[in-house]
Structure formats: structure tokens, C-alpha cells
Amino acid sequence: MEEQKKIKKIGVLTSGGDAPGMNAAIRAVVRTGRYFDLNVIGIRKGYNGLINGEIKEMYSRDVSNVMNLGGTILHTARCPEMMTTEGLDKAAAIYKILSLDALIVIGGDGSYRGMAELAKRGVNCVGIPATIDLDMNNTEYTIGFDTAVNTGMDALNKLRDTSSSHERCSVVEVMGRDAGYIAVWCGMVGGAEDVMFPEEKDTIDSKEVIQQILANRSTGKRHNLIVVAEGVGGTQKLAKDIQEITGIQTRATILGHLQRGGSPTATDRMHASMMGYYAVKALLEGRENIVIAYNKGQYEVLDLFEALDMKKSLDKEIYDVVKILSI
Ligand code: ADP
């Protein structure tokens, strides 16, 4: 039987879109690694830093006071070179030159696809799911989602105050280019009357939304709140149409990258800390090419390639309930 390779040196990077809680995950990886006497190498700016050798050894004190910070202390970037054979070969070669025994990647779906390519070139990859959009197929939780939804909820609360005072309609665009998780959650917890999200993009009818607004006004509602996901688009036009057709003063607000930042919530810090710990633990137990997931209330270690083949879809029932509760 082949003897299990002992893990001595690991690299960690954050990749793709940043998400609040990434720092808590970095902290957990560094400190768990150090606790078990591993050398931990921080790689800056995602896969770019691997290809360009932008690295630095990390110790416990390097991750002091970072748990509460949004963004990522290792910085992140998109790395087009990873889409080329030369780039991938170079990344794998640097991994070997650095004598790394594993590479921990904290990122979203795209970053995971990059890991799969590196794994085919002999890099032992471990994924920690981090994206505000929650759109990863193998896990019910992704780091950053809770903070993004809370930021959205906070904005909706404030807009509700002013639209209520002025008896206006507020159309709020939240993040989510391809996935409606943020929109539907913000719609629910912000008490919106309707939510427009990318999964239903083709069947959305703004006339129905306008009818709903008028129906609610006729039962005494004095202000309206509509949530639109970024990927649906046309937020300004919808606000204009509502105002023109109903005569109700309507304002569009685009939250944009506001939702990417901010101090992570307790939920994000908890998941990030546990996932960082499990990533290192799984490596020490001899697992290779894996991702950490959270499903049905449990942390899981899944095979990277199987994880990439998994499917998940938005629970439309949440949307149905938003509508029921909006009358
Ligand atoms: P996220 O990880 O947040 O989904 P991206 O989709 O931008 O963000 O992916 C982050 C990086 O992962 C990309 O800039 C690229 O370097 C790498 N990547 C994405 N898709 C692939 C792929 N198919 N092959 C190799 N690398 C990829």
C-alpha cells in the first residue's frame, strides 16, 4: 500500500469576487495549520499571486484582528491566465517549486473550476465556498451570503422609512447576476411586495407587479417596496413605468457593491471559522482534492469533481411565501 503523504506546507488564497467572512476563513486556516505545526503560505491576489509568486509565510499573529474585517487581507482578483494551458501549467509548476502539499482556495464557482484544472495537473486542492450570491451547487451555505442579505435588509429598512413618510414606491436593486438568492431573501426579510429574480427572468411581467401595487394601495397600503435582482435589469425603467402608470411617486435605488462589503455577521464568521478548520483537518487526515460544504446542518468534506457535478436550485417556495405575506 502506498504510504500516505505527510502534509507539511500548505498555501491559501482568496479568489474571484470578495465576500465578507473570507478573513475569518483565512484566520482559521492559518491558525489551524500552525496549531498542527504546518507551514502556511499566504498567496496574494488569487491565482495571480500563485502564477507570479506573490507569497508570504503566515503566522498566527498575521491574522490578529481580521475576523471583524470585510474584504480579504490576501486581496483577490480575477486571473485570465488560468483560462490558458500555459497559465495553468505555470500555476502547477510554481506550486511544485514552492513544495506545497496542498492549496486551499477560498472562493466561488469559478475559483472551483480553476481548482479542478489545477488538480488535473497534480495540485492537491481544497475549496472553501465563499460568495455572497449563494450560487454554489454543492453547498447550502456560502461565506458572505448572510452579511450581504443583512446589508440588503438594512437598506430596505431605511428605504421603507422614507417611502412610508412620503407614501412612495421604492424599487430596490440588489446583487445577483445569475442567482436570485439574495433578492428572494431580501424580499422576505425586508417585507417586499414583490421580487424579480434571474431564474424567472423570461416570465417576469412588469404589468403584474404594477397591478399588485394598485391592488395593495386599494386595501390601504401607503407605500410599496419592490426588490429586483441585478441580473433582471431594467430597474430604472420599472420605477419610471410604475410612476407613469400608477401616478405613485417611485424611486429606484441600486445597492450595488455596498452588499459586497461590511463587517461579517456572526453566521458568516462561524461558518468561515469552522470551514477553515475542517479544510486543514481533512488534509491532515489524508484527503485530497476536496471541498468543504455545509448541508442539512452538517459540515461535509466532498470530492472536488463530484461536487462540481452536483445541482442545486433556488427554493421557489420562499418566493411564493413572500407573495402570500405581501397582501
Ligand atoms: P468566483 O470564484 O467568485 O465565481 P470567477 O468566476 O471570477 O469568481 O472565478 C475566479 C477565477 O477562477 C477566474 O478569474 C479564473 O482565474 C479562475 N477560473 C474560473 N473559471 C475557470 C476555468 N474554467 N478554468 C480555469 N480557471 C478558471
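The values are calculated or read from the model by the stated rules, or taken from the named source; none is laboratory data. Since the structure is predicted, the reported quantities are computational estimates derived from the model, not experimental observations. Backbone-built Cβ (ideal geometry, glycine too); neighbour counts: all protein chains shown.
Could we say that Val172 is outside the structural domain of Gly71 (by TED's automatic domain parsing), β-branched (Val, Ile, Thr) and not in a loop (DSSP other than H, G, I, E, B) here? Before you say what the answer is, go through the steps one by one.
On the way: outside the structural domain of Gly71 (by TED's automatic domain parsing): yes; β-branched (Val, Ile, Thr): yes; not in a loop (DSSP other than H, G, I, E, B): yes.
Against the criterion (outside the structural domain of Gly71 (by TED's automatic domain parsing), β-branched (Val, Ile, Thr) and not in a loop (DSSP other than H, G, I, E, B)), Val172 qualifies.
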- prompt: Restricting the stretch 61-83 to residues that are within 9 Å of the ligand (Cβ to nearest atom) and at pLDDT 95 or above, which is surrounded by the fewest Cβ atoms within 10 Å (Cβ to Cβ)?
  reply: Pro80
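What strands (runs of 3 or more DSSP E) completely inside the stretch 236-327 contain at least 1 residues that are within 26 Å of Leu100 (Cβ to Cβ) and small (Gly, Ala, Ser)? Please lay out each step first, then the result.
Numbers: elements: 250-254, 290-295, 298-303.
Result: 290-295.
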- prompt: Do you know which residues across the stretch 22-63 are of a type outside the set (A, V, I, L, M), part of a loop (DSSP other than H, G, I, E, B) and closer than 22 Å to Pro129 by Cα?
  reply: Arg44, Lys45, Gly46
field: Residue satisfying condition, being part of a helix (DSSP H, G or I) and either at pLDDT 95 or above or buried (at least 22 other Cβ atoms within 10 Å of the Cβ) (or both), within set Asn138, Asn157
entry: Asn157
Filter result (more than 19 Å from Lys281 (Cα to Cα) and within 11 Å of the ligand (Cβ to nearest atom)) within the stretch 122-132: Thr131, Ile132
message: Tell me the residue from Gly114, Gly110 that is modelled with pLDDT of 95 or more, crowded, with 24+ Cβ neighbours inside 10 Å and either over 23 Å from Lys9 (Cα atoms) or within 11 Å of the ligand (Cβ to nearest atom) (or both), please.
response: Gly114
- prompt: So which pairs qualify, if the first residue must be in the stretch 189-213 and farther than 24 Å from Leu159 by Cα, the second must be surrounded by fewer than 16 Cβ atoms within 10 Å (Cβ to Cβ), the Cβ gap must be under 9 Å, and the two must be at least 6 apart or on different chains?
  reply: Glu199/Asp178; Glu199/Ser313; Glu199/Lys316; Glu200/Lys316; Lys201/Gly233
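Pull up the stretch 191-221, narrow it to residues that are assigned to a helix (DSSP H, G or I) and of a type in the set (D, E, K, R), then point me to the one that is surrounded by the fewest Cβ atoms within 10 Å (Cβ to Cβ).
Asp202
Pick out the one residue from Leu308, Leu214, Leu284 that is closer than 24 Å to Gly110 by Cα and not hydroxyl-bearing (Ser, Thr, Tyr).
On the way: Leu214 fails: closer than 24 Å to Gly110 by Cα; Leu284 fails: closer than 24 Å to Gly110 by Cα.
Just a single option satisfies the conditions, and that option is Leu308.
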statement: Pairs returned, first residue in the stretch 276-297 that is on the phi > 0 side of the Ramachandran plot, second residue that is of a type in the set (A, V, I, L, M, F, W, C) and in a strand (DSSP E or B), beta-carbon separation under 7 angstrom, 6 or more apart or interchain, are Asn289/Cys125
Exclusive hit being out of contact with any Pro (no Cβ under 8 Å at 6 or more places or on another chain), aliphatic (A, V, I, L, M) and at pLDDT 95 or above, set Ile94, Ile132: Ile94
message: I'd like the residue in the stretch 4-17 that is buried (at least 24 other Cβ atoms within 10 Å of the Cβ) and over 16 Å from Lys281 (Cβ atoms) and, out of all such residues, is nearest to the ligand (Cβ to nearest atom).
response: Ser15
- request: Might you check whether a residue that is under 16 Å from Ile7 (Cβ atoms) and under 24 Å from the mean Cα position of the chain (by Cα) occurs anywhere in the stretch 72-93?
  value: no
- request: Would you mind finding the one in Leu258, Leu283, Leu238 that is surrounded by fewer than 19 Cβ atoms within 10 Å (Cβ to Cβ) and of a type in the set (A, V, I, L, M)?
  value: Leu258
task: Taking only the stretch 222-234 into account, find how many residues are surrounded by fewer than 21 Cβ atoms within 10 Å (Cβ to Cβ) and assigned to a helix (DSSP H, G or I).
output: 1
- prompt: Which residues, taken from the stretch 53-106, are free of Cβ contacts under 8 Å to residues at least 40 places away in the same chain and touching a Leu at 6+ places or on another chain (Cβ under 9 Å)?
  reply: Glu81, Met82, Leu88, Lys90, Ala92
